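Working notes, structure below.
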Amino acid sequence: MTEWNRKEIKEESPVEQAVSSRIEEIRTEKRDWKKWAAGTGAMACVLFLLSHVFFGLAVVEGSSMVPGYQDQDLTLYGKVRGELKRGDVVLARIQDGRTLIKRVIGLPGEEIYIEKESGGVYIDGDKLEEPYIQGQTSPGIGQENPLTLQEGEYFIMGDNRENSSDSRYYGPVKEGQIRGKVLWSLRKD
């Protein structure tokens, strides 16, 4: 007789079949729950990294960036990794702890001059073309004019020049004060 003929074939009773079936269901449910928990945990880690390391969300407060950005617009910003360019819109934390949304006008090492009569902004003697501004640009109170930026300093201003508290009033911002560059915005209405 061959080996396989000698084995006893045991049949399960209906109760044993039901119990075995239920045990297998429980094992499957546990595997599914573990997969769900692992997937949810992984997603939470990814979202945490994205929101705390690479990106952030901020709400625009006030009208200093009109017409481009309105009060209560939601912005997505990328944490600054590298050089900023003139015209970049950034979020910067100023000395009093507030975070403001402004446009980069002057870069490290440049001389900024604001002509009082015409409101023209000059960078190293060349007039800056600013199609995005609203209102008349005036020099700030108590700021040097012209002002030469030091290494790691940026001169930032709001687009709504007549209604913007910016580097004209509180001075240049240091690189470490800039939280990120605005990548995208969503209008409230």
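The values are calculated or read from the model by the stated rules, or taken from the named source; none is laboratory data. This is a predicted model, so every value here is computed, not measured. Every residue, glycine as well, gets a Cβ built from its backbone with ideal geometry; the counts of neighbours run over all protein chains shown. Surface accessibility is based on the protein's heavy atoms, side chains included, excluding ligands, DNA and RNA. Shrake-Rupley method; radii C 1.70, N 1.55, O 1.52, S 1.80 Å.
Listed values, structure above:
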| item | result |
| --- | --- |
| Count - residues of the range 104-117 that are part of a strand (DSSP E or B), in contact with a Phe, Trp or Tyr (Cβ under 7 Å, 6 or more places away or on another chain) and either acidic (Asp, Glu) or open to solvent by 10 Å² or more (accessible area, probe 1.4 Å) (or both) | 1 |
| Residue in the range 122-140 that is loosely packed, with under 15 Cβ neighbours inside 10 Å, among the basic types (Lys, Arg), out of contact with any helix residue (DSSP H, G or I) (no Cβ under 6 Å at 6 or more places or on another chain) and closer than 24 Å to Ser63 by Cα present | no |
| Any pair with Cβ under 7 angstrom, 6 or more apart, that starts in the range 6-18 at a residue that is on the phi < 0 side of the Ramachandran plot and assigned to a loop (DSSP other than H, G, I, E, B) and ends at one that is at pLDDT 75 or above and surrounded by 10 or more Cβ atoms within 10 Å (Cβ to Cβ) | Glu12/Ser20 |
| Residue pairs meeting the criteria (Cβ under 7 Å; at least 6 apart or on separate chains; first on the phi > 0 side of the Ramachandran plot, in the range 102-123; second surrounded by 15 or more Cβ atoms within 10 Å (Cβ to Cβ)) | Gly109/Leu149; Gly119/Thr137 |
| Residue ID - surrounded by the fewest Cβ atoms within 10 Å (Cβ to Cβ), chosen from residues in the range 141-168 that are acidic (Asp, Glu) and outside any loop (DSSP other than H, G, I, E, B) | Glu162 |
| Residue in the range 176-189 that is farthest from the chain's Cα centre (by Cα), counting only those that are within 14 Å of Ile94 (Cβ to Cβ) and either touching a residue at least 60 places away in the same chain (Cβ under 8 Å) or surrounded by 14 or more Cβ atoms within 10 Å (Cβ to Cβ) (or both) | Gln177 |
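Per-residue answers, yes or no, for (1) without any contact (Cβ under 8 Å) to a residue 12 or more places away in the chain; (2) surrounded by fewer than 10 Cβ atoms within 10 Å (Cβ to Cβ); (3) among the hydrophobic types (A, V, I, L, M, F, W, C):
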site	(1), (2), (3)
Trp36	yes, no, yes
Gly39	yes, no, no
Val46	yes, no, yes
Pro67	no, no, no
Gly78	no, no, no
Gly87	no, no, no
